[in-house]
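Trainee: One structure, as C-alpha cells, below. Some questions next.
The values are calculated or read from the model by the stated rules, or taken from the named source; none is laboratory data. A quick note: this is a predicted structure, and the numbers were derived from the prediction, not measured. Here the Cβ positions follow ideal geometry from the backbone for every residue, glycine too, while neighbour counts run over all protein chains shown.
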C-alpha cells in the first residue's frame, strides 16, 4: 500500500491558514472586521493542509458546505447549542496530543499524534453523516482506517470490544464546567471489535483537506458512517481493547433513547421523533426542500449489514 | 398612553383605542422577522428547526405573561386584565405557527409521521393536547362566548392551567439533556399554576353544599 510521507513541520507548528490569511489581509489594508478576525482564530489548528489521496466508499451526494460543517456541531464539551462549539473552542489546544492504545493488546503504545499521522496511509472519505436528531450532512473526512492502528497493536484473543475515551479539560472546554446541564465526563464510546475493524470505520484528523477544526473534534475523532453521529467520539485520548461491552455516554444518559449499536435505522424510531427521514443541512432556507428519506445503515448496508445478521435491530438499537 | 383608574385597592390600566392591536402586531414581530430571515436562508444551517423552536419559545413567553396578569393584580395592585385576552391570543397564534411549521415546513405534510407522533410519542402528544385545548380557549375568547357561557366560561378557561403544565413538560422534553432555558420556563409556569392552587381549592369548597 502506498504510504504517504509526511512533510517536515508537524501540523501544530504550521501557522493556521486563517491566521496567515488574516495577516495578509491586514497588510493589504483590507477591511477585516473584528468579528471575522475572531471567527478566524476560533478554529485553532484548522487551515494546515493535509496531503491525502481519495479513498474508497465515496458518497455520490454533494458535500455539505464547509461553513455548515464547522458551525453546526453537537460537541457538548463546548456547550449545548449547535453554534457553541464554533464560538467557544478557540482556547482549546489540540497539540501536543497523545493517543494511547491499550488494554487487551499485544503491543500497547502511547502515540504522539503527529507521528501517528505521519505513519498512517491518509485517505479522503466522502461520507454521509446522519445525526440521531434526524438531520444529515455529507462530509469529506481525511483520516485513516482504525483497523490499521488496531492491527499494529494486535488485539488479544479475548478482546471483543473497543472503548474510546475523550479528553477532559474543563479549563479549555466550558461545557465541562457547568453542572446541571451536562453529561458525565469524559465522553466515552464503544464499538464491537468487528465494527471497529470494518474498512468503513476511520479515525479522522481532517476535513475538506485540512486539519480538523477544534469544533469538529480536533485533533482526532472517530467516524462510523452507518451509525448515528453521537458514536463519532471527538478529541480521543484513549483507545482500549476490552472483553465486555463498554459503557457509552448517551446510553448512560438515556438508555431507552440511545442504544449501544445506534445503527442508522429508519424503521426504529426515537421515542420522541421519527427516524424515517432527515433534514438535509445546508439545503438553503425554508424552501430548499431539505428533507430526504433515511436509508438503512445510512446507505452502507452492503458493507455492514452482514455484521448484524440474525440480530433483532429493534431490541439492539 | 394608557389611563390608570383607581378601583378600590387596585390600579386598573385601561388601554387607549387601538393600543391592544398595536401590542398584537408588536407581539407578532419576532415571528415575522425570523420568517423573513428563514425565507432568505439567513437562519443558519438548519433553518426550519431554528424557526420551529423560536415559535415554541415565544408561545411559552406569552403564556407566562398571560398567567402573570392575576398575580400582578393580587400582589402589586396593578390590573392588566384589559390586555390579557390579546396576550392569550398571541399564545394561540404562536402555537398555530409552531404546529404549522412542524407539519408543513418540517414534516412536509407527511400524515403517516403525524399520526405516529400522536399515537406513539408522548412528547408530541403532550404538545398536541395543549394545542387542542388552546384552540378551544381561543375559540371561546369572544365577548359573545363569555356572555353565552356565563359562569361556565370561567371554569372552562381554567383549562389554561392544564395547558401550562402540558407545555412545561413538552418544553422539558424538547431537549436531549436538562438545560437552563427549559428548566427555567418550566419552573416559572409551575409556580404560576401552584400559586393559584389555594384559590382554586377555595372555589371548589364553596361549591360544596
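Trainee: Any idea which of (1) crowded, with 21+ Cβ neighbours inside 10 Å; (2) part of a strand (DSSP E or B); (3) out of contact with any helix residue (DSSP H, G or I) (no Cβ under 6 Å at 6 or more places or on another chain) is the one residue A:218 doesn't satisfy?
Mentor: Only one criterion in (1) crowded, with 21+ Cβ neighbours inside 10 Å; (2) part of a strand (DSSP E or B); (3) out of contact with any helix residue (DSSP H, G or I) (no Cβ under 6 Å at 6 or more places or on another chain) is unmet by residue A:218, namely (2).
Trainee: Another question, if that's okay. Check whether at least one residue in the stretch B:41-64 is in contact with a strand residue (DSSP E or B) (Cβ under 7 Å, 6 or more places away or on another chain), away from every other protein chain (no Cβ under 14 Å), farther than 20 Å from residue B:108 by Cα and surrounded by fewer than 20 Cβ atoms within 10 Å (Cβ to Cβ), and report yes or no.
Mentor: So far as the stretch B:41-64 goes, no, none of its residues is in contact with a strand residue (DSSP E or B) (Cβ under 7 Å, 6 or more places away or on another chain), away from every other protein chain (no Cβ under 14 Å), farther than 20 Å from residue B:108 by Cα and surrounded by fewer than 20 Cβ atoms within 10 Å (Cβ to Cβ).
Trainee: Those residues that are within 7 Å of chain A (Cβ to nearest Cβ) and assigned to a helix (DSSP H, G or I), I need them from the stretch B:105-114; list them, please. Steps first, answer last, please.
Mentor: First, pick out the residues of the stretch B:105-114 that are within 7 Å of chain A (Cβ to nearest Cβ): B:105, B:108, B:113.
Answer for the stretch B:105-114, where residues must be within 7 Å of chain A (Cβ to nearest Cβ) and assigned to a helix (DSSP H, G or I): B:105, B:113.
Trainee: Here's something else I'd like to know. Condition check: out of contact with any helix residue (DSSP H, G or I) (no Cβ under 9 Å at 6 or more places or on another chain) and in the same structural domain as residue A:237 (by TED's automatic domain parsing). Does residue A:154 satisfy that? Steps first, please.
Mentor: Working: out of contact with any helix residue (DSSP H, G or I) (no Cβ under 9 Å at 6 or more places or on another chain): yes; in the same structural domain as residue A:237 (by TED's automatic domain parsing): yes.
Considered against the rule, which asks whether it is out of contact with any helix residue (DSSP H, G or I) (no Cβ under 9 Å at 6 or more places or on another chain) and in the same structural domain as residue A:237 (by TED's automatic domain parsing), residue A:154 comes out as yes.
Trainee: Here are some conditions: (1) more than 12 Å from chain A (Cβ to nearest Cβ); (2) modelled with pLDDT under 95; (3) in a helix (DSSP H, G or I). Residue B:12 meets all but one. Which one does it not meet?
Mentor: (3)
Trainee: So is residue A:271 touching a strand residue (DSSP E or B) at 6+ places or on another chain (Cβ under 8 Å), surrounded by fewer than 22 Cβ atoms within 10 Å (Cβ to Cβ) and closer than 30 Å to residue B:115 by Cα or not?
Mentor: Working: touching a strand residue (DSSP E or B) at 6+ places or on another chain (Cβ under 8 Å): no; surrounded by fewer than 22 Cβ atoms within 10 Å (Cβ to Cβ): yes; closer than 30 Å to residue B:115 by Cα: yes.
Taking the combined requirement at face value, the residue does not satisfy it.
Trainee: Another question, if that's okay. When you scan the stretch A:146-184, how many residues do you find that are within 14 Å of chain B (Cβ to nearest Cβ) and surrounded by 19 or more Cβ atoms within 10 Å (Cβ to Cβ)?
Mentor: Keep residues of the stretch A:146-184 that are within 14 Å of chain B (Cβ to nearest Cβ), which gives A:174-184.
Now restrict to residues that are surrounded by 19 or more Cβ atoms within 10 Å (Cβ to Cβ): A:175-176.
Looking only at that region, the number is 2.
Trainee: Oh, and also: Going by the structure shown, is residue B:163 away from every other protein chain (no Cβ under 14 Å) and touching a residue at least 60 places away in the same chain (Cβ under 8 Å)?
Mentor: Yes.
Trainee: Among the numbered criteria (1) part of a loop (DSSP other than H, G, I, E, B); (2) surrounded by fewer than 24 Cβ atoms within 10 Å (Cβ to Cβ), which single criterion is violated by residue A:195?
Mentor: So the condition that residue A:195 fails would be (1).
Trainee: Given (1) more than 10 Å from chain B (Cβ to nearest Cβ); (2) crowded, with 21+ Cβ neighbours inside 10 Å, where does residue A:281 come up short, assuming only one miss?
Mentor: (1)
Trainee: State which residue is nearest to residue B:173 (Cα to Cα) when the search covers only the stretch B:115-139 and only residues that are within 11 Å of chain A (Cβ to nearest Cβ) and surrounded by fewer than 17 Cβ atoms within 10 Å (Cβ to Cβ).
Mentor: So in the stretch B:115-139, the residues within 11 Å of chain A (Cβ to nearest Cβ) come out as B:115-117, B:120-127.
Those left that are additionally surrounded by fewer than 17 Cβ atoms within 10 Å (Cβ to Cβ): B:115-116, B:120, B:122, B:125.
Working: B:115: 19, B:116: 17, B:120: 15, B:122: 9, B:125: 12 Å.
My answer is B:122.
Trainee: For residues that are closer than 16 Å to residue A:170 by Cβ, surrounded by fewer than 18 Cβ atoms within 10 Å (Cβ to Cβ) and within 13 Å of another protein chain (Cβ to nearest Cβ), tally how many sit in the stretch A:67-94.
Mentor: Of the residues in the stretch A:67-94, 0 are closer than 16 Å to residue A:170 by Cβ, surrounded by fewer than 18 Cβ atoms within 10 Å (Cβ to Cβ) and within 13 Å of another protein chain (Cβ to nearest Cβ).
Trainee: Shifting gears a bit: In the stretch B:28-43, what count of residues is obtained for those that are without any contact (Cβ under 8 Å) to a residue 12 or more places away in the chain and assigned to a helix (DSSP H, G or I)? Spell out how you get there, then give the answer.
Mentor: To start, the set of residues in the stretch B:28-43 that are without any contact (Cβ under 8 Å) to a residue 12 or more places away in the chain comprises B:29, B:32-33, B:36-37, B:39-43.
Then keep just the ones that are assigned to a helix (DSSP H, G or I); that gives B:29, B:32-33, B:36-37, B:39.
Number satisfying all stated conditions: 6.
Trainee: What do you reckon, is residue A:259 surrounded by fewer than 21 Cβ atoms within 10 Å (Cβ to Cβ), within 16 Å of residue A:187 (Cα to Cα) and away from every other protein chain (no Cβ under 14 Å)? Break it down into steps so the answer makes sense when it comes.
Mentor: Details: surrounded by fewer than 21 Cβ atoms within 10 Å (Cβ to Cβ): yes; within 16 Å of residue A:187 (Cα to Cα): yes; away from every other protein chain (no Cβ under 14 Å): yes.
It is true that residue A:259 is surrounded by fewer than 21 Cβ atoms within 10 Å (Cβ to Cβ), within 16 Å of residue A:187 (Cα to Cα) and away from every other protein chain (no Cβ under 14 Å).
Trainee: Now, a different point. Which condition number does residue A:283 fail, the rest of (1) under 18 Å from the mean Cα position of the chain (by Cα); (2) without any contact (Cβ under 8 Å) to a residue 12 or more places away in the chain being met?
Mentor: For residue A:283, the exception is condition (1).
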